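Asker: The following block contains the structure, expressed as structure tokens.
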Amino acid sequence: MTNKRWTNKQLLDLATKYFTEKAIDSPRLCAEILLSHQLKKTRIELYLDYDQPLRKEEIEGFRTLVRRRVKREPLQYITGHQGFWSLDLMVNPAVLIPRPETEILVEEALKIRQSGLLSNDRTTMILDVGTGSGAIAIALAKEIEGARIWASDISPEALQLARENARRYNLGERIRFCEGDLFEPFSDNSVAFDMIISNPPYIATEEFGSLEPEIRCHEPKAALDGSKGGMRYIQRLIRESVPYLQGGGWLLIEMDPHQTERALNLIDSERCFDYKERVVDYRKSYRMVKAQKKHG
Ligand code: GLN
């Protein structure tokens, strides 16, 4: 392949065919994204220069990227980027790749704020538990100008990346990143939040083995595995968030649709919340539960 004068079009056709044989999702798109990443061009530019021969190093570089993808490494870890909300976030294997469904947590948080359900006489305080790449915290900091945002994670590597992502949007000063398990960084009880938001690990351990290799072999298990039944962190969030919520404050948790009913029951059994609701995602599946703590 290296002796020939390959053009963009020929390389794209070849890679598409190879990805198709290897049952890689969206083969053409995948080839285009990898070639644009290699050549530092947009996908449109690939077609504008489609018959221009490529240099040997460019072809070699592209082949390496194609091989990585065939080993089922997620495209986002190869390019180092993922879009979320209006953001372009950097991602690496220390963090879960943000999913489109998670945007509903941001949407719901904005709705709660806009509907005047929170106290207006002071700054809104929001915590993103298990922030990973920082997706939720950064989207909210960007959307809600006056709010004070905290973001916690147990992984120092994740926090480092989340900080870099925040800095790229000049939001580094607006978000406080804290290392620790769930609410541990706040256990001196110095802050109470108006909203606590989390996309915790919620895959059942017994189902972990049947996930796609992209997820199972490449994404951080600690960000996915919610123990037996997948409810461990959902349950802990419902129990442990109560002292960290203001009266009238809201808890928003992403989960699997089949977990929402149990989560609602757990919320009831806490006896600290007086409102609860499930919210559907873009596929019309229940993807999150929100609950409001009793006032006073
Ligand atoms: N929605 C993710 C998936 O299906 C799981 C995310 C999580 O456990 N927080 O891969």
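Asker: Past 25 Å, Cα to Cα, is the threshold; run Lys17/Lys41; Lys111/Lys221; Lys221/Lys284; Lys40/Lys71; Lys40/Lys221; Lys111/Lys142 against it and keep the listed order. Mind showing how you got there, number by number?
Answerer: Details: Lys17/Lys41 22 Å; Lys111/Lys221 32 Å; Lys221/Lys284 27 Å; Lys40/Lys71 23 Å; Lys40/Lys221 31 Å; Lys111/Lys142 15 Å.
Checking Cα-Cα distances, Lys111/Lys221; Lys221/Lys284; Lys40/Lys221 exceed 25 Å.
Asker: Rank-order 91-97, 18-24 by packing density, defined as the average count of other C-beta atoms within 10 Å over each peptide's residues, highest first.
Answerer: Details: 91-97: 20.7, 18-24: 14.4.
Per-residue Cβ counts within 10 Å, averaged per peptide and sorted highest first, yield 91-97, 18-24.
Asker: Let me ask something else about it. Determine the sum of side-chain charges near Ile215: Lys and Arg each +1, Asp and Glu each -1, restricted to other residues whose C-beta is under 12 angstrom from that of Ile215. All intermediate terms of the calculation are to be shown ahead of the outcome.
Answerer: Details: positive: Arg72, Arg99, Arg216, Lys221; negative: Glu73, Glu207, Glu212, Glu214, Glu219, Asp225.
Cβ neighbours under 12 Å give a net charge of -2.
Asker: For the chain, report the translational diffusion coefficient in µm²/s to the nearest whole number, using Stokes-Einstein at 37 °C, 0.692 mPa s, and a Kirkwood Rh over Cα pairs.
Answerer: Numbers: Rh = 20.7 Å.
Estimated diffusion coefficient is 159 µm²/s.
Asker: Treating only the Cα positions of region 1-61 as identical point scatterers, give the base-10 log of I(q)/I(0) from the Debye formula at each q in 0.13, 0.27 Å⁻¹.
Answerer: Values, matching the q order: -0.30, -1.21.
Asker: Under a 1.4 Å probe, what is the accessible area of region 92-293 per residue, stated in Å²?
Answerer: Numbers: 9050 Å² over 202 residues.
On a per-residue basis, region 92-293 sits at 45 Å².
Asker: Enter the accessible area per residue of region 8-71 (Å², integer; probe 1.4 Å; all protein chains in place). Could you put the intermediate results ahead of the total?
Answerer: On the way: 3860 Å² over 64 residues.
Solvent-accessible surface per residue comes out at 60 Å².
Asker: Picking from Leu224, Leu105, Ala263, whose Cα lies most toward the positive end of the charge dipole for the chain (charges on Cβ: Lys, Arg +1; Asp, Glu -1)?
Answerer: Result: Leu224.
Asker: Next question. By the gyration tensor of its Cα atoms, with a ≥ b ≥ c the square roots of the eigenvalues, what is the shape of region 1-157: rounded for a/c under 1.5, prolate for a/b over b/c, or oblate? Mind showing how you got there, number by number?
Answerer: Details: a/c = 3.22, a/b = 2.69, b/c = 1.20.
Prolate shape, in that a/c is at least 1.5 and a/b is the bigger ratio.
Asker: Restricting to the chain, compute how many DSSP beta bridges are antiparallel as a %, nearest 5. Walk me through the numbers on the way to the answer.
Answerer: On the way: 17 of 37 bridges.
For the chain, the DSSP antiparallel bridge percentage is about 45.
Asker: Taking N as the number of residues in region 203-288, what is its alpha-carbon radius of gyration divided by 2.2 N^0.38 Å? Display every interim value, and only then the final one.
Answerer: Values: Rg = 14.2 Å, N = 86, 2.2 N^0.38 = 12.0 Å.
Relative to the rule-of-thumb radius for its length, region 203-288 sits at 1.19.
Asker: In addition: About the Cα centre of the chain, how large is the charge dipole given +1 on each Lys and Arg Cβ and -1 on each Asp and Glu Cβ? Please answer in debye to the nearest 20.
Answerer: Values: 44 positive and 44 negative charges, 146 e Å.
Dipole magnitude for the chain comes out near 700 debye.
Asker: Among Ala94, Ser26, Ala135, flag the residue with its Cα farthest along the positive direction of the charge dipole of the chain, charges on Cβ as +1 for Lys/Arg and -1 for Asp/Glu.
Answerer: Ser26
Asker: Now a separate question. For the chain, give the percent of accessible area contributed by carbon and sulfur heavy atoms, probe 1.4 Å, rounded to a whole number.
Answerer: Details: 6920 of 14520 Å².
The computed percentage sits at 48.
Asker: Starting at the first residue of region 186-192, write each ³J(HN,Hα) from the Karplus equation 6.51 cos²θ - 1.76 cosθ + 1.60 with θ = phi - 60°, in whole Hz, x for Gly and Pro.
Answerer: 10, 6, 7, 6, 7, 10, 10
Asker: Only helical DSSP H runs with n ≥ 4 go in: add -39500 (n - 2.57) per run for the chain, normalise by residue count and round the 222 nm mean residue ellipticity to 500 deg cm²/dmol.
Answerer: Numbers: 12 runs with 118 residues, N = 296.
Here the helix-only value at 222 nm equals -11500 deg cm²/dmol.
The values are calculated or read from the model by the stated rules, or taken from the named source; none is laboratory data. Worth saying up front: this structure is predicted, and the values here are computed from it rather than measured. Please note: Cβ atoms are built from the backbone with ideal geometry, for glycine as well, and neighbour counts cover all protein chains shown. We work out accessible area using only protein heavy atoms, side chains counted, and drop any ligands, DNA or RNA first. Shrake-Rupley method; radii C 1.70, N 1.55, O 1.52, S 1.80 Å.
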